[in-house]
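Visitor: Please see the structure below; I have some questions.
The values are calculated or read from the model by the stated rules, or taken from the named source; none is laboratory data. The model shown is predicted, which means the values in this text are computed figures rather than measured ones. Neighbour counts run over all protein chains shown; Cβ positions are idealised from the backbone, glycine included.
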C-alpha cells in the first residue's frame, strides 16, 4: 500500500507540497515556500526517517521550491538522494519575468548543490520506479513557449504517479498555453487519472476545455482557505482570483470528491 499526502497549509503562503510514500521509499513534489520549511522538515523527520529518495519539482517559483532550498541550508540531517527537474535557463527567467529575482536566486542555490544532492535533468517520457509506484514525466519545459506574462508557470513539468491500484496527475502551475500543448503532445489516456491536482491552485491555470478533455474523477486542491473562497478580506468571492469559477466547472463535470489543502494535510491510501 502506498500513501499520497497533500500537505495542509500552516502558513498563509503554503501552496503545493505533495509526498508519496511506498514502503521505505519517500518522494516529494515541490514542497512549498520558505516559511513552510518547518512543517516539511517535521514531516520528513517523523514519517521518513529524515530521508528522501527523490525530490521532483514542477517549476521554479518560490512558493514551490522555497521550502526545499531552506531545508538544504537549515536541516543538514535530512538526506535528499536526488533532485529531478528541468527549469528554463536563468537567462530566460530574467528575460521573461524580470521581477522574479527571488526565483532566480533560489534556482542558483539548487545549481550549487550538485555535489551534495545529485541532480537529474528531466526529459519527457522518462519513467522512474520507487517500490510499486511509477512516476512518468508527461511534460517538461522544452523552450517552446514565448508567453511572457505566464512564462514560469507554463514551464511546469507534469507528472503521472501510479501503481496498479490508482493514479494521480500533477500539473503544477500549468497555464492555458501549457495545457493546450499537453493535449497535443500527450495521449489522452495518460492524462485521465483517478486524482487530478488542480493547476495553479485551482485558478487561472489550465482551461475548462482541458478539464473537459481529461474528465477528472477526484480533485486535489493545493489551495488555502482565502484562495479557495476567493476572499481578499471582504468576503466570499470578492477577490481577483478565479477559484470559485473552477469549483463551478468541477461541479458541472460531475466531480463530487475533493481533497483540499485548507482542510489540513490530506492522506490518500492507494
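Visitor: Could you check region 237-256 and list, in sequence order, the residues that are assigned to a loop (DSSP other than H, G, I, E, B) and crowded, with 21+ Cβ neighbours inside 10 Å?
Guide: Answer for region 237-256, where residues must be assigned to a loop (DSSP other than H, G, I, E, B) and crowded, with 21+ Cβ neighbours inside 10 Å: just 241.
Visitor: Can you pull out the residues in region 178-208 that are out of contact with any helix residue (DSSP H, G or I) (no Cβ under 8 Å at 6 or more places or on another chain) and surrounded by fewer than 21 Cβ atoms within 10 Å (Cβ to Cβ)?
Guide: Residues satisfying the conditions are 181, 184, 185, 186, 187, 189, 190, 194, 204.
Visitor: Within region 211-223, identify whether any single residue is farther than 18 Å from residue 156 by Cβ and in a strand (DSSP E or B), and answer yes or no.
Guide: Checked against the condition, which is being farther than 18 Å from residue 156 by Cβ and in a strand (DSSP E or B), region 211-223 yields at least one hit.
Visitor: So residue 60 fits all but one of (1) farther than 22 Å from residue 35 by Cβ; (2) at pLDDT 80 or above; (3) assigned to a loop (DSSP other than H, G, I, E, B); what number is the exception?
Guide: Checking residue 60 against (1) farther than 22 Å from residue 35 by Cβ; (2) at pLDDT 80 or above; (3) assigned to a loop (DSSP other than H, G, I, E, B), the one that fails is (1).
Visitor: Given the structure, is residue 81 modelled with pLDDT under 90 and either in contact with a strand residue (DSSP E or B) (Cβ under 6 Å, 6 or more places away or on another chain) or over 23 Å from residue 265 (Cα atoms) (or both)?
Guide: It is false that residue 81 is modelled with pLDDT under 90 and either in contact with a strand residue (DSSP E or B) (Cβ under 6 Å, 6 or more places away or on another chain) or over 23 Å from residue 265 (Cα atoms) (or both).
Visitor: Is it the case that residue 172 is assigned to a loop (DSSP other than H, G, I, E, B) and surrounded by fewer than 19 Cβ atoms within 10 Å (Cβ to Cβ)?
Guide: Spelling it out, it is not the case that residue 172 is assigned to a loop (DSSP other than H, G, I, E, B) and surrounded by fewer than 19 Cβ atoms within 10 Å (Cβ to Cβ).
Visitor: So, in region 114-158, of the ones that are assigned to a strand (DSSP E or B) and touching a helix residue (DSSP H, G or I) at 6+ places or on another chain (Cβ under 9 Å), which residue ends up modelled with the lowest pLDDT?
Guide: Taking the candidates together, the pick is 119.
Visitor: Among the residues of region 220-236 satisfying the criterion of being farther than 15 Å from residue 205 by Cβ and surrounded by 14 or more Cβ atoms within 10 Å (Cβ to Cβ), which is nearest to the chain's Cα centre (by Cα)?
Guide: 224
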